[in-house]
Amino acid sequence: MEKVPSSPFLWQILQVQERRYLLKEFPELVSCKEFSKVLEVGCGNGSSAIPILRGNKDIIVYACDCSSETLERAKEIVHSTNIFAVQNRFHPFFCDFAFTGFPKWLVCDSCVESFSLKQQEYSSDVKEGGVADKSGSYLSRECGCCIGGVDFVSLIFTLSAVPQKKMSSAIMECFSVLKPGGLLLFRDYGLYDMTMLRFEQEKRVGFREYMRSDGTRSYFFCLDTVRDLFVGVGFIELELEYCCVKSVNRRKGKSMQRVWVHGKFQKPA
C-alpha cells in the first residue's frame, strides 16, 4: 500500500504525471547492470525519476535542479512513494550545470583524465577476446574522491531552457561525467511544437528561442541542431528522430500538435 504523503505536499504529489514512456523509449534503463548510476539533469518535481526508480530496483538516481525549492518538493514527492529502497537510491542536489558545471564528487579531474587511458585498455581487452558487460558501459569503482562518473545522463525537457550560447558547453559537462560507453538520453521540444506557435512575436529573444512569462527560456530544436550540438562535443549518434503526437483537450474541444525530438547518444568506449 502506498504511504500517505504529508499534507503540505499532498496536492503536488497527486499532480505529478510520471513520464512512464521513458522506460519504453530508453529500455537500457531497465536492462542495465546492477547499481548503474543515472544523472538526471533538471529533475523538476521528480516526474522522470519516479518511473526510472520504479522500473529498476537496483538503479541509483542522482538528480539535480537549479531551484532549491523544486528539489525539496521532488525529494518529498519521491520519498513519499512506495518505491523499493528509495531513500538509498534517490540523491537530489542543487546544480545550475550550464553556468557552474557539475560538482567534482560526480567525477574528479583525475578520473576524467584516466578515462581516456582506460578506454584504450578496454578496447585492447575486447580485441583480445574479452566480453563487455551487458550494458556496454565502462566499469569504474567508486573512489574516495568521487563516485567515478555515471552510466546514464538524462536531459528530458531541460536543454531547451539553457541559453543557446551555453548549450554546447552544457553538453560538454554531460559528456565529462559519463563513463566511456555511457549513454545520454535526450527528449525536448521540436520545431513547430504547439507551444512555439503560441508564443507572441515580442517573446522571441533569438533564433527559435523564446522567453516565458516566468523568465525561463524555451528553445525549439530541429534534428540538425541537436546532431551538431552532441556530435560536436564527441558523442556518437545512436538514435535521433522527431516524435509527433496529436493530443486532444476534450473539455475545450481542441486538438494540439506536439512535436518533440528524441535522441540517444553514446560516449565512445
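The values are calculated or read from the model by the stated rules, or taken from the named source; none is laboratory data. Everything numeric here is computed off the predicted structure, so don't read it as measured data. Positions of Cβ are backbone-derived with ideal geometry, glycine not excepted, and every protein chain shown enters the neighbour counts. Accessible surface is based on the protein model in full, side chains and every heavy atom, while ligands, DNA and RNA are left aside. Shrake-Rupley method; radii C 1.70, N 1.55, O 1.52, S 1.80 Å.
Table for the structure above
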| item | result |
| --- | --- |
| Chain lengthening between Cys145 and Leu117 when straightened (0.36 nm per residue, less Cα-Cα) | 8.2 nm |
| Spin-label pair Lys57/Arg217, simplified geometry with 7 Å Cα→Cβ offset, distance in nm | 4.4 nm |
| Cross-link pairs beyond the 19 Å C-alpha cut-off, checked among Lys75/Lys104; Lys24/Lys264; Lys37/Lys104; Lys57/Lys264 | Lys75/Lys104; Lys57/Lys264 |
| Per-residue ³J(HN,Hα) for the range 68-74, Karplus 6.51 cos²θ - 1.76 cosθ + 1.60, θ = phi - 60°, Hz, x for Gly and Pro | 5, 5, 5, 4, 4, 5, 4 |
| Apportionment of accessible area to carbon and sulfur, the range 147-256, percent (1.4 Å) | 49 percent |
| In Hz, Karplus ³J(HN,Hα) per residue of the range 159-168 (6.51, -1.76, 1.60; θ = phi - 60°; x = Gly, Pro) | 4, 5, 8, 8, x, 3, 5, 9, 4, 4 |
| Residues in the range 174-192 that a label on Ser247 would reach, taking backbone N under 14 Å of a point 7 Å out along Cα→Cβ | 188-190 |
| Length gained when the stretch Glu202-Gln87 is fully extended (0.36 nm per residue, less Cα-Cα span) | 36.9 nm |
| Loop GluC sites (Glu not before Pro), the range 161-269 (other Cβ atoms within 10 Å of the site Cβ: 10 or fewer; DSSP) | Glu200 |
| Distance in nm between pseudo-label sites at Glu237 and Asp109 (7 Å out along the Cβ direction from Cα) | 3.5 nm |
| Theoretical gain in end-to-end length, Ser68 to Leu191 [0.36 nm per residue, Cα-Cα removed] | 41.2 nm |
| Per residue, in Å², the accessible surface of the range 17-102 once ligands and nucleic acids are set aside, probe 1.4 Å | 43 Å² |
| Separation in nanometres of the label points that stand 7 Å from Cα toward Cβ, at Met256 and Asp224 | 2.9 nm |
| Accessible area (Å², per residue) of the range 169-269, counting only protein heavy atoms and a probe of 1.4 Å | 50 Å² |
